[in-house]
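Colleague: Take a look at this one; I'll ask things after.
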Amino acid sequence: MKRNPIICVTGTPGCGKTVYAKKIARTYHLTYVPLHDILRQEKLYVSYDKTMKSYVYDERAVEKFLTGLIRAARTLKQGLVIDGHLSHYISSKYIDQCIVIKCDVKTLQRRLKKRNYSQQKIRENLDAEILDVCLVEAKERGHHVKIVYS
């Protein structure tokens, strides 16, 4: 592995991104970046969808913020593991490795029910997993993708 890599871990909500990202950060002594928390703290959302109980993020603002974070990390010679289902939105020129976490739909459905997601939100996320939305988007953005099954 490259010294001080910048790694993004993406995938459908509930697939196991956080568990995997924290393990990588711990194993390789990299800084763990919980994207979801940071995006809310920095108010990089444009609205809140009450039906889906989730924020709608400004993709350009997210990428701009993360690009700045990555540049600062590189200046400090610090590696990062960016955990979040939007992490693949970062330009591939800033990311050394993009890891897409996949999960079988029955396990994913069980996990999302446990999180008390609405039926509509569960269906949307199951569809995203079935259609490989994060994987396709990551490849379209030119990332070097590694797929991991949880």
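Colleague: Determine whether HIS85 is modelled with pLDDT of 90 or more, open to solvent by 50 Å² or more (accessible area, probe 1.4 Å), under 24 Å from VAL148 (Cβ atoms) and in contact with a Cys (Cβ under 7 Å, 6 or more places away or on another chain).
Modeller: Working: modelled with pLDDT of 90 or more: yes; open to solvent by 50 Å² or more (accessible area, probe 1.4 Å): yes; under 24 Å from VAL148 (Cβ atoms): yes; in contact with a Cys (Cβ under 7 Å, 6 or more places away or on another chain): yes.
In short, yes.
Colleague: Quick one: which of THR12, THR67, THR51 is closer than 23 Å to LYS139 by Cα, assigned to a loop (DSSP other than H, G, I, E, B), of a type in the set (Val, Ile, Thr) and touching a residue at least 24 places away in the same chain (Cβ under 8 Å)? Working first, answer last.
Modeller: Values: THR67 fails: assigned to a loop (DSSP other than H, G, I, E, B); THR51 fails: closer than 23 Å to LYS139 by Cα.
THR12 is the lone residue from the list that is closer than 23 Å to LYS139 by Cα, assigned to a loop (DSSP other than H, G, I, E, B), of a type in the set (Val, Ile, Thr) and touching a residue at least 24 places away in the same chain (Cβ under 8 Å).
Colleague: Turning to a different aspect of this structure: For segment 1-34, which positions are open to solvent by less than 50 Å² (accessible area, probe 1.4 Å) and in contact with an Asp or Glu (Cβ under 6 Å, 6 or more places away or on another chain)?
Modeller: Across segment 1-34, the qualifying residues are PRO5, ILE6, VAL9, THR12, LYS17, ALA21, PRO34.
Colleague: Being surrounded by fewer than 20 Cβ atoms within 10 Å (Cβ to Cβ), under 20 Å from VAL136 (Cα atoms) and not basic (Lys, Arg): is that true of GLN97 here? Break it down stepwise before answering.
Modeller: Working: surrounded by fewer than 20 Cβ atoms within 10 Å (Cβ to Cβ): yes; under 20 Å from VAL136 (Cα atoms): yes; not basic (Lys, Arg): yes.
Taking the combined requirement at face value, the residue satisfies it.
Colleague: Here's another thing I want to ask about it. Go through segment 83-112 and report how many residues are touching a Pro at 6+ places or on another chain (Cβ under 8 Å) and part of a helix (DSSP H, G or I). Let's see the steps before the verdict.
Modeller: Of the residues in segment 83-112, the ones touching a Pro at 6+ places or on another chain (Cβ under 8 Å) are 83-85, 96-97, 112.
Cutting the leftovers down to part of a helix (DSSP H, G or I) gives us 112.
Of the residues in segment 83-112, 1 are touching a Pro at 6+ places or on another chain (Cβ under 8 Å) and part of a helix (DSSP H, G or I).
The values are calculated or read from the model by the stated rules, or taken from the named source; none is laboratory data. As the structure is a prediction and not an experimental result, all values here were calculated from the model. Cβ coordinates were reconstructed from backbone atoms using ideal geometry, including for glycine residues, and neighbour counts include every protein chain displayed. Remember, those area values only see protein heavy atoms, side chains included, never the ligands or the DNA or RNA. Shrake-Rupley method; radii C 1.70, N 1.55, O 1.52, S 1.80 Å.
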